[in-house]
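Please treat every number below as a calculation from the coordinates, not as lab data. Source: prediction; values computed, not measured. Because the Cβ atoms are built from the backbone with ideal geometry, glycine has one as well, and the counts that use them run over all protein chains shown.
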Amino acid sequence: YKEQNLAVLKDHFIPAYKNLIDGITALMGTGTNEKGLSEFPQGKEYFEYLVKSNTATSYDTVLKLQKAIEKQLNSDLKALGEIVQTHPELVDALDTYTFQYTKPDEILKSLNGQISKDFPALPECSYKVKYVPKALEGTLSPAFYLVPPLDRYQDNVIYINGGTRFQNEDLFPTLAHEGYPGHLYQNVYFTSHNTCDLRRILSFSSYSEGWATYVEYYSYTLDNGLDPSMGQLLARNSAISLGLYALLDICINYDGWDKGQVKDYLSKFYNIGDSDVADTIYYSLVENPTNYMEYYVGYLEIMEMRNTAEKILKDQFDLKAFHTFLLDIGPAQFSIIQPYFRLWLAEQMD
């Protein structure tokens with residue numbers, strides 16, 4: 001099979017890729033729309049489809065989802081402001097803070113050991129940490145989890161990008177996202193508990209990425225060497241950054257904002273006056289509609305359920321039970337998860 005794979009790569013994949021390069025190169029200079037999807041014929045309708053397809057949100061319109069994103073953003077901004085007001089010294093410490101562990105194996109062992117109080121146990125499984133090839137460092141993300149074969153979920157692999165682009169990235173929350181209690185943990189849990197073959201082949205990336213983003217922010221609250229207030233500050237700041245991208249995605253690709261409007265908004269509300277930063281954000285969203293929303297909307301839906309449960313259950317709220325509910329129900333559209341969440345909530349009140 002290795003020889004067959006090599007033959008397919010040489011005889012089909014590489015020639016097809018070269019063909020794609022030639023075709024795209026020939027199209028350069030023919031574009032007429034420098035703005036987002038909304039400026040194309042039926043572009044707004046296509047964006048609506050992408051939102052429903054890629055985020056699996058429980059909100060039935062883009063406008064309602066936009067308001068929910070703004071509400072969560074404002075909540076995080078308010079919380080961040082309160083942290084800075086109470087601990088003004090944290091602002092200067094943003095350039096000097098360090099995590100207790102910096103080596104991948106140390107981080108993953110620490111995470112795996114600490115999450116047992118808030119997450120159910122996994123069956124026996126293992127993982128390997130590998131580094132991406134030098135040739136791919138310039139195009140790949142800081143790290144990623146390689147999903148194992150369906151019949152061998154016990155053997156997992158996490159790749160880390162050791163390129164200079166990410167030398168200042170914090171590895172602790174990154175490995176929480178990719179490993180424990182993120183993608184690796186969630187995938188092993190679901191695969192080992194799921195008995196429906198159909199669900200094994202269905203993909204709901206916003207659930208998976210939303211979960212991984214949610215627990216990435218959760219990892220800042222663990223025993224990681226940070227001052228607890230600094231951990232809260234970093235978690236809120238990360239949520240705000242991602243939420244801002246999600247909101248601007250709608251503003252650009254649905255509401256039709258141009259670069260000037262994006263720059264004005266960032267300058268007025270976030271004190272970001274650097275035009276290069278605004279351009280980078282603008283083009284990343286024009287090129288990848290709903291990409292950041294997959295992560296943020298999933299996180300938003302989970303946070304809304306958690307906030308509802310905490311508000312209603314008060315002292316009866318059990319974080320481990322809430323996480324177990326989400327893990328047991330597994331990847332699905334949030335419009336399907338919501339009714340089951342209400343049933344679970346009612347059971348907790350009995």
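Extension gain THR86-ILE312, at 0.36 nm per residue separation less the Cα-Cα distance, in nm?
Details: separation 226, 0.36 × 226 = 81.36 nm, distance 2.82 nm.
Here the segment from THR86 to ILE312 would lengthen by 78.5 nm.
Close amide-amide hydrogen proximity is noted between TYR131 and ILE160, each under 5 Å apart and 5 or more residues distant or on a separate chain (H modeled in the peptide plane; Pro and chain starts excluded).
Expressed to the nearest 5 percent, the antiparallel share of DSSP beta bridges inside the chain is 40 percent.
Please report the equivalent ellipsoid semi-axes of region 92-246, computed as sqrt(5 x eigenvalue) of the Cα gyration tensor, largest first, in whole Å. Write down the numbers at each step before the final one.
On the way: eigenvalues 133, 67, 51 Å².
After diagonalising the Cα gyration tensor, the semi-axes are 26, 18, 16 Å.
Suppose R0 equals 35 Å; then what is the FRET efficiency for MET349 and LEU198 from their Cβ-Cβ distance, rounded to the nearest 0.05?
Details: r = 32 Å, r/R0 = 0.93.
For R0 = 35 Å, the calculated efficiency reads 0.60.
Modelled label positions at ASN74 and GLU124, each set 7 Å beyond Cα in the direction of Cβ, lie 5.3 nm from each other. With R₀ set to 45 Å, the beta-carbon distance separating ASP22 from GLN338 gives a calculated FRET efficiency near 0.40. Return the whole-Å distance between the Cα centroid of region 318-333 and the Cα centroid of region 8-86. Using only Cα atoms, the two centres lie 27 Å from each other. In this structure, the amide hydrogen of VAL157, modeled 1.01 Å from its nitrogen in the peptide plane, lies closer than 5 angstrom to those of LYS128, LEU146, counting only residues at least 5 positions away or on a different chain. Compute the whole-percent fraction of alpha carbon pairs in region 16-133 spaced more than 16 Å apart. That fraction is 82 percent.
Tell me the Kirkwood hydrodynamic radius of the chain in angstroms, computed as one over the mean inverse distance between distinct C-alpha pairs.
Evaluated over the chain, this radius sits at 22.2 Å.
A P(r) calculated from all alpha carbon pairs of region 230-281, with 5 Å bins opening at zero, reads 5, 19, 26, 26, 14, 7, 3, 0 percent. Considering only the Cα atoms of region 206-350, their convex hull presents on average a projected area of 10.5 nm².
The protection proxy used here, the mean number of other Cβ atoms lying within 10 Å of each residue, ranks peptides 165-171, 286-292, 106-112 as follows, highest first: 106-112, 286-292, 165-171.
Per the Kirkwood definition applied to all pairs of different Cα atoms, how many angstroms is the hydrodynamic radius of region 1-45? Walk me through the intermediate numbers first.
Numbers: mean 1/r = 0.0742 Å⁻¹.
Here the Kirkwood hydrodynamic radius works out to 13.5 Å.
Taking a span of 24 Å or more along the helix axis (Cα atoms) and a mean Kyte-Doolittle hydropathy of at least -0.5 as the rule, the DSSP H helices of the chain that qualify are 62-86, 228-253, 291-313.
Please work out the Kirkwood hydrodynamic radius for region 141-222, using every pair of different C-alpha atoms, and report it in angstroms with one decimal place.
Numbers: mean 1/r = 0.0741 Å⁻¹.
Kirkwood radius, region 141-222: 13.5 Å.
Within the same chain, aspartates and glutamates fewer than 8 places from LYS263 are excluded, and of the rest, those with a Cα less than 12 Å from its Cα are ASP274, ASP276, ASP279. Which residue, LEU184, LEU313, ILE250, has the largest displacement toward the positive end of the dipole of the chain when charges sit on each Cβ (Lys, Arg +1; Asp, Glu -1)? Towards the positive end, the residue furthest out is LEU184. Normalised by the number of residues in region 103-177, the average gap of Cα pairs under 8 Å and 6 or more apart makes the relative contact order 36 percent. For TYR270 and ASN291, the difference between the fully extended length at 0.36 nm per residue and the C-alpha to C-alpha distance is 5.4 nm.
In summary, the aspartates and glutamates within cross-link reach of LYS128, defined as a Cα separation below 13 angstrom excluding same-chain residues under 8 places away, comprise ASP105, GLU106, ASP155, GLU178.
Subtracting the Cα-Cα distance of TYR283 and SER241 from 0.36 nm times their residue separation leaves 13.5 nm of extension gain.
In summary, the lysines within cross-link reach of LYS71, defined as a Cα separation below 17 angstrom excluding same-chain residues under 8 places away, comprise LYS311. Computed about the Cα centre, the dipole magnitude for the chain is approximately 520 debye when only Lys and Arg (+1) and Asp and Glu (-1) carry charge, each at its Cβ.
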